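Take a look at the structure set out below.
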Amino acid sequence: MKSKLRFADTLGLAWLGLRARSGRTALTSLGIAIGIAAVVAVIGISASGRADLLAALDRLGTNLLRVSAGQGILGGPAELPEDAPAMTARVGPVEAVSAVARLDATVRRTELIPEVETGGLSVVAVEPDLFDVLGGEMAAGTFLDAGSSRLPATVLGSVAAERLGVSTLAYQQMVTIDGQEFVVVGIADGLQLHPDLERSALVGFDVATAEIGEAPLSAMYVRVDPTSIDDVVEVIPTTVNPESPDRVEITRPSDALAAREAADAALTQLLIALGSVALIVGGVAIANIMVMSVLERRMEIGVRRSLGATRGHIRRQFLTEAILLAAIGGLVGVGLGAGITWGFAAARGLPVTVPIEALFGAVGVALLIGTLAGLYPASRAAAIPPSQAVRGTR
Amino acid sequence: MTSTKAIPLSSRPVDVAIVLSLADVVKEYPGPPPVRAVDGISLDVEAGELVAVVGPSGSGKSTLLHIMGALDLPTSGDVVVDGNAVASMSDRELSALRAHTLGFVFQEFFLIDGVSATENVAQGLLYRGIGPDERSKRARSALERVGLGGRLGHLPSQLSGGERQRVAIARALVGDPAIMFADEPTGNLDSVTSGEIIELFLALNAEGSTIVVITHDHELASRFPRQVRLRDGRLEMS
Ligand SMILES: Nc1ncnc2c1ncn2[C@@H]1O[C@H](COP(=O)(O)OP(=O)(O)OP(=O)(O)O)[C@@H](O)[C@H]1O
Ligand SMILES: [Mg+2]
């Protein structure tokens, strides 16, 4: 002869208790739902962002170097020696080199716009192979080739195109560079590692020297064997400028992305901390409501004890109720968080990535919170002597 | 023992027939000042008896019922329920005793709101580990026994006071307890409904149930075959 409560019946009792107070159940689990949703959304969004970043790094590669002359002696822009690209190309692990020259010219939509209003855009002379070296994409049209490099033709960076109001090449578009009309043959995209090029009008070297003026080299883009990047970084300054190697600046554009990722990680941690606070508050709310519930349900406890419930059964009933309450909040929160991630990623055009561990982790955390929140109220419920409980409030 | 020996066991199984035995039971609530709610009561209840416990308010009726029903332990004295000496039992053992051999009915019914009459009655078997189908089946037949066969799916809020108390009675007897206790079962009912509930107890007793009913209403108590009068925690000889 034993007193025995089946597991399914324990769950049934907990569900019954929550269903009988559905409004309270909804409000109480809201705290957990918000906390879990926040954490899942933050993890999901940052994971989606990271996936996007990794995809970008994959496509753009981390083996690209930008070599430029530092500041000139008088503070003006310095130039690279004319033979720098050729010298650099001779270094073993260097796979490709493409030089650019920043021109002293403005680009405007039409002649009618005053010269001072350049919109922060610049004009850069480039080689036709630049695009392959950078690994960019064309949003429209084609990049400059040997032929169009000699003509008054230009390719606009995505930002420059936007500023100049060139969104389509369905019909012929012209811009004014240094007072002359240039045909827009292409709009470049995928240059997010090169903000300076994104806000430039790119023209061929031939047309630049012929129509605009001197085109001293300002930078080179160097694609390197990924295994020898450090060696190349070491030899380039002396190769490029043997007299004053310390004036040569080398950057790795992909580092900027890594830095952005580090900043994102800090923000993510902050948001997760905030979400955790919401979870703790949610847990306290559950504990609070459960303590109240135990006081209100003295009679029920009394009846159950008279029907044969042991102290353990009463404890289990209330503990399960608290856990179920948190689990409901947790599931709603996971759904909300995944939805927020999906919406955010879709709006930003990011790949939707919600780590499955985050989902299970979130539900696990909710269950843990429910357990912790339910322990005290449940043991209080179990501690009420049956004879006191059936007497009601005394 | 000597007296039972004289009579053949087959005709009078005395020891087996006593389902509840109190010997010099005292219950003192710690003060200050300490209250002796039950002050030395000895009492036997035989199987098949219907006993009324009568007494004024505060005379210790509920306290006595809690002790008889293993909901509380006496300060001193012996309580034997269905052959089990209650004093030496753990919480689990006492709970098992309540689950399998005792049934309770309270003045305020204590039904679960928002759950059908059948499900309420089925709760009476919950702590025996019986499956839900079997519980419902037995709950329905218990409801029929108390005359509520037509109210199986009703919620407590859709039932009258008398009907609610019948549901509570069905919950107490659904597990066929060796003894059933009712504490002021008619306390919240009008006199006509109270009379019907008393009739129900008489009918159940006629079917073989052992029942102890507490009431402060002498008129209702007078309809029961045996009455025990309580005053200041002691039995009054009738
Ligand atoms: N937990 C307790 N602590 C202290 N005293 C108590 C406690 N429970 C009951 N008493 C006292 O014990 C005495 C008997 O109480 P009990 O409830 O058994 O009386 P009763 O006969 O059931 O009364 P009523 O008819 O009003 O229900 C009362 O004086 C009461 O105040
Ligand atoms: Mg009482």
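The values are calculated or read from the model by the stated rules, or taken from the named source; none is laboratory data. In this text, all values refer to a predicted model and were calculated from it rather than measured experimentally. Glycine gets a Cβ as well: all are built from the backbone with ideal geometry, and neighbour counts include every protein chain shown.
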Residue pairs qualifying under the 9 Å Cβ cut-off, at least six apart or on distinct chains, with the first in region B:174-189 being within 12 Å of chain A (Cβ to nearest Cβ) and more than 13 Å from ligand 1 (Cβ to nearest atom) and the second being part of a strand (DSSP E or B) and of a type in the set (S, T, N, Q), are none
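This table checks each residue for (1) under 23 Å from A:G204 (Cβ atoms); (2) touching a residue at least 60 places away in the same chain (Cβ under 8 Å); (3) basic (K, R); (4) in a helix (DSSP H, G or I).
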| site | (1), (2), (3), (4) |
| --- | --- |
| A:G17 | no, yes, no, yes |
| A:G31 | no, yes, no, yes |
| A:I36 | no, yes, no, yes |
| A:G49 | no, yes, no, yes |
| A:L53 | no, yes, no, yes |
| A:A56 | no, yes, no, yes |
| A:P85 | yes, yes, no, yes |
| A:A99 | yes, yes, no, no |
When you go through B:V80, B:V38, B:V45, B:V53 one by one, which is the residue that is within 16 Å of ligand 2 (Cβ to nearest atom) and away from chain A (no Cβ under 13 Å)?
-> B:V53
Residue in region A:295-322 that is nearest to the other protein chains (Cβ to nearest Cβ), counting only those that are in contact (Cβ under 8 Å) with a residue 60 or more places away in the chain and assigned to a loop (DSSP other than H, G, I, E, B) | A:G308
Unique residue being under 19 Å from A:S98 (Cβ atoms) and small (G, A, S) when the list is A:A263, A:A219 | A:A219
List pairs: first in region A:372-387 and within 14 Å of another protein chain (Cβ to nearest Cβ), second within 15 Å of ligand 1 (Cβ to nearest atom) and of a type outside the set (S, T, Y), Cβ under 6 Å, 6+ apart or cross-chain?
-> A:P386/B:L71; A:S387/B:H66; A:S387/B:L71; A:S387/B:D72
Go through (1) more than 30 Å from A:E127 (Cβ to Cβ); (2) hydroxyl-bearing (S, T, Y); (3) modelled with pLDDT under 85 one by one and return the number of the condition A:T25 breaks.
-> (3)
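Given the criterion more than 16 Å from ligand 2 (Cβ to nearest atom) and under 29 Å from the mean Cα position of the chain (by Cα), identify the matching residue among A:T341, A:T371.
A:T341
Looking for something without any contact (Cβ under 8 Å) to a residue 12 or more places away in the chain, within 14 Å of chain A (Cβ to nearest Cβ) and either away from ligand 1 (no atom under 16 Å from the Cβ) or out of contact with any Pro (no Cβ under 8 Å at 6 or more places or on another chain) (or both) - is there at least one such residue anywhere in region B:147-168?
no
If you check B:D72 against the conditions, is it within 16 Å of ligand 1 (Cβ to nearest atom) and out of contact with any Leu (no Cβ under 6 Å at 6 or more places or on another chain)? Break it down stepwise before answering.
Values: within 16 Å of ligand 1 (Cβ to nearest atom): yes; out of contact with any Leu (no Cβ under 6 Å at 6 or more places or on another chain): yes.
Spelling it out, B:D72 is indeed within 16 Å of ligand 1 (Cβ to nearest atom) and out of contact with any Leu (no Cβ under 6 Å at 6 or more places or on another chain).
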When you go through (1) part of a loop (DSSP other than H, G, I, E, B); (2) at negative phi; (3) within 12 Å of chain A (Cβ to nearest Cβ) one by one for B:F110, which number turns out not to apply?
-> (2)
When region B:174-184 is examined, which residues are found to be in contact with a helix residue (DSSP H, G or I) (Cβ under 6 Å, 6 or more places away or on another chain) and within 17 Å of B:V121 (Cα to Cα)?
-> B:V174, B:G175, B:P177, B:M180, B:F181
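Check A:V107, A:V40, A:V94 and return the single one that is at pLDDT 80 or above, within 23 Å of A:D189 (Cα to Cα) and either out of contact with any helix residue (DSSP H, G or I) (no Cβ under 9 Å at 6 or more places or on another chain) or among the aliphatic types (A, V, I, L, M) (or both).
Numbers: A:V40 fails: within 23 Å of A:D189 (Cα to Cα); A:V94 fails: within 23 Å of A:D189 (Cα to Cα).
Answer to the check: A:V107.
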Within region B:87-100, how many residues are part of a helix (DSSP H, G or I) and more than 8 Å from chain A (Cβ to nearest Cβ)?
-> 4
Run B:E134 past the list (1) more than 9 Å from chain A (Cβ to nearest Cβ); (2) over 13 Å from B:G175 (Cβ atoms) and report the number of the one that doesn't hold.
-> (2)
Could you say whether any residue in region B:83-100 is touching a residue at least 60 places away in the same chain (Cβ under 8 Å), within 14 Å of ligand 2 (Cβ to nearest atom) and of a type in the set (A, V, I, L, M)?
-> no
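Go over the candidates A:A26, A:A38 one by one and state the one that is over 10 Å from the mean Cα position of the chain (by Cα) and closer than 19 Å to A:E357 by Cβ. Working first, answer last.
Values: A:A26 fails: closer than 19 Å to A:E357 by Cβ.
Answer to the selection: A:A38.
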Please work out which residue is farthest from ligand 1 (Cβ to nearest atom), limiting yourself to region B:113-127 and to residues that are surrounded by 21 or more Cβ atoms within 10 Å (Cβ to Cβ) and facing chain A (nearest Cβ under 8 Å).
-> B:L126
